[in-house]
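Student: The structure is given below, and queries will be raised subsequently.
No value in this document is a laboratory result; all are computed from the given coordinates. These numbers were taken from a predicted model, which means no experiment stands behind them. So basically every Cβ, Gly included, is an ideal-geometry build from the backbone, and we count neighbours across all protein chains shown.
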Amino acid sequence: METQDLAGKVAIITGAGSGIGEATARALAARGVRVVLAGRRADRLEALAASLDGSQTLAVPTDVGRAADVQRLIERALSHFGRVDILFANAGQFVQGAIAEVDVERLVAQIDTNLTGVVRCIKAVLPSMLAQRSGDILVTSSISGHTDIDNEAVYSATKHAVGTLVNILRREVAPRGIRVATISPGIVLNEIWGVTDPAAVAAGLAAHRGLCSEDIADLAVYMLSLPARVTLRDIVALGQGQII
């Protein structure tokens, strides 16, 4: 299938300080996309921005759990680059454990990031995309949004909810030129899973224990590179041997 050139487009990436967000920022920047890096850890964003083309990169420390942060993120992106073509709503928290054993405030924070934060980002970016009658909204979901995994009740609930949100939003905005999709990874060997050593990632990949962040970044780039007439509803990405 033919693909479209992404060079010159503007992408906002939340959760860009590590993992899938960082890998996707690098992959898009390598294709000439101007990237807006959003995340809670300013030092991580600045380090990533410094490794990319500074004239094509903007770092905006952002907590998607805060409405004012999200509004400032979109305003700075529009002020700096003049438009937003891609929103990759990727920021997420992973809180594992039986409901009876996990502090309720941690669960609430997870909901605020994984679901409410996604809604905030979408609501903030939609006016400009609707005005230009084009845009891509890509959301990181999870295999947990397709099944029920023990000790991940609230995390799974947020990802199920994201799937429903995206499916309904797609029907609302597709006639106005905006694509909406999700990527649903299985195990990704990165910081959210407690894997930070590159050697440990390589060993995990060799043992078929999961995927790496770059695998998901490549899928994101593929989805965004498809002709505007093509929408992939969701890509489920599983490591070799993983079954749901």
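Student: In this structure, is Arg179 outside any helix (DSSP H, G or I) and more than 22 Å from Gln242 (Cβ to Cβ)?
Tutor: Judged against the criteria, Arg179 is a match.
Student: May I ask you to list the residues in region 86-116 that are of a type in the set (Val, Ile, Thr) and within 13 Å of Arg66 (Cα to Cα)?
Tutor: Matches in region 86-116: Ile111, Thr113, Thr116.
Student: Condition first: over 13 Å from the mean Cα position of the chain (by Cα), under 28 Å from Ala202 (Cβ atoms) and either part of a helix (DSSP H, G or I) or free of Cβ contacts under 8 Å to residues at least 40 places away in the same chain (or both). Now tell me which residues in region 215-244 satisfy that.
Tutor: Asp215, Tyr222, Ser225, Gln240, Gly241, Ile243
Student: So the check is Cβ under 6 Å with 6+ separation or different chains; which pairs have a first residue in region 176-191 that's within 22 Å of Val125 (Cα to Cα) and a second one that's crowded, with 22+ Cβ neighbours inside 10 Å and among the charged types (D, E, K, R)?
Tutor: Partner pairs satisfying both residue conditions: Arg179/Asp136.
Student: Where in region 5-100 are there helices (runs of 4 or more DSSP H), lying fully within it, with 2 or more residues that are of a type in the set (Asp, Glu)?
Tutor: Result: 42-51, 67-81.
Student: Same structure, new question: Restricting to region 19-57, what's the tally of residues that are touching a residue at least 60 places away in the same chain (Cβ under 8 Å) and on the phi > 0 side of the Ramachandran plot?
Tutor: 1
Student: Tell me whether region 116-134 contains one or more residues that are touching an Asp or Glu at 6+ places or on another chain (Cβ under 7 Å) and on the phi > 0 side of the Ramachandran plot.
Tutor: no
Student: Now, a different point. Hey, among the residues in region 129-147 that are of a type in the set (A, V, I, L, M), over 22 Å from Ile192 (Cβ atoms) and touching a strand residue (DSSP E or B) at 6+ places or on another chain (Cβ under 8 Å), which one's surrounded by the most Cβ atoms within 10 Å (Cβ to Cβ)?
Tutor: Top of the filtered list is Met129.
A quick yes/no check of all residues on (1) within 15 Å of the chain's Cα centre (by Cα); (2) free of Cβ contacts under 8 Å to residues at least 24 places away in the same chain; (3) within 25 Å of Arg26 (Cα to Cα):
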{"site": "Gln71", "(1), (2), (3)": "no, no, yes"}
{"site": "Ser79", "(1), (2), (3)": "no, yes, yes"}
{"site": "Phe88", "(1), (2), (3)": "yes, no, yes"}
{"site": "Val95", "(1), (2), (3)": "no, no, no"}
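Student: Answer yes or no: is there a residue in region 72-91 that is surrounded by fewer than 20 Cβ atoms within 10 Å (Cβ to Cβ) and acidic (Asp, Glu).
Tutor: yes
Student: Name the residue, out of Asp150, Asp218, Asp197, that is within 21 Å of Asn114 (Cα to Cα) and surrounded by fewer than 19 Cβ atoms within 10 Å (Cβ to Cβ). Walk me through it before giving the result.
Tutor: Working: Asp218 fails: within 21 Å of Asn114 (Cα to Cα); Asp197 fails: within 21 Å of Asn114 (Cα to Cα).
Among Asp150, Asp218, Asp197, only Asp150 is within 21 Å of Asn114 (Cα to Cα) and surrounded by fewer than 19 Cβ atoms within 10 Å (Cβ to Cβ).
Student: OK, next. State the number of residues belonging to region 136-160 that are out of contact with any Gly (no Cβ under 6 Å at 6 or more places or on another chain) and more than 21 Å from Ile12 (Cα to Cα).
Tutor: The number of residues fulfilling the criteria is 13.
Student: May I pose another question? Tell me the residue from Leu126, Leu107 that is under 22 Å from Arg179 (Cα atoms), in contact (Cβ under 8 Å) with a residue 12 or more places away in the chain and crowded, with 18+ Cβ neighbours inside 10 Å, please.
Tutor: Going through Leu126, Leu107 in turn, the sole match is Leu126.
Student: Then there's this: Have a look at Gly21, Gly54, Gly32 and point out the one that is of a type outside the set (Phe, Trp, Tyr), closer than 26 Å to Val230 by Cβ and exposed (fewer than 14 other Cβ atoms within 10 Å of the Cβ).
Tutor: Exactly one of Gly21, Gly54, Gly32 is of a type outside the set (Phe, Trp, Tyr), closer than 26 Å to Val230 by Cβ and exposed (fewer than 14 other Cβ atoms within 10 Å of the Cβ), namely Gly32.
Student: Another question, if that's okay. Only one of (1) outside any loop (DSSP other than H, G, I, E, B); (2) farther than 22 Å from Glu191 by Cα is not met by Arg106, so which one is it?
Tutor: It fails just one condition, (2).
Student: Looking at region 7-18 only, could you name the residues that are closer than 17 Å to Ala228 by Cβ and either surrounded by fewer than 18 Cβ atoms within 10 Å (Cβ to Cβ) or of a type outside the set (A, V, I, L, M) (or both)?
Tutor: Answer for region 7-18, where residues must be closer than 17 Å to Ala228 by Cβ and either surrounded by fewer than 18 Cβ atoms within 10 Å (Cβ to Cβ) or of a type outside the set (A, V, I, L, M) (or both): Ala7, Gly8, Lys9.
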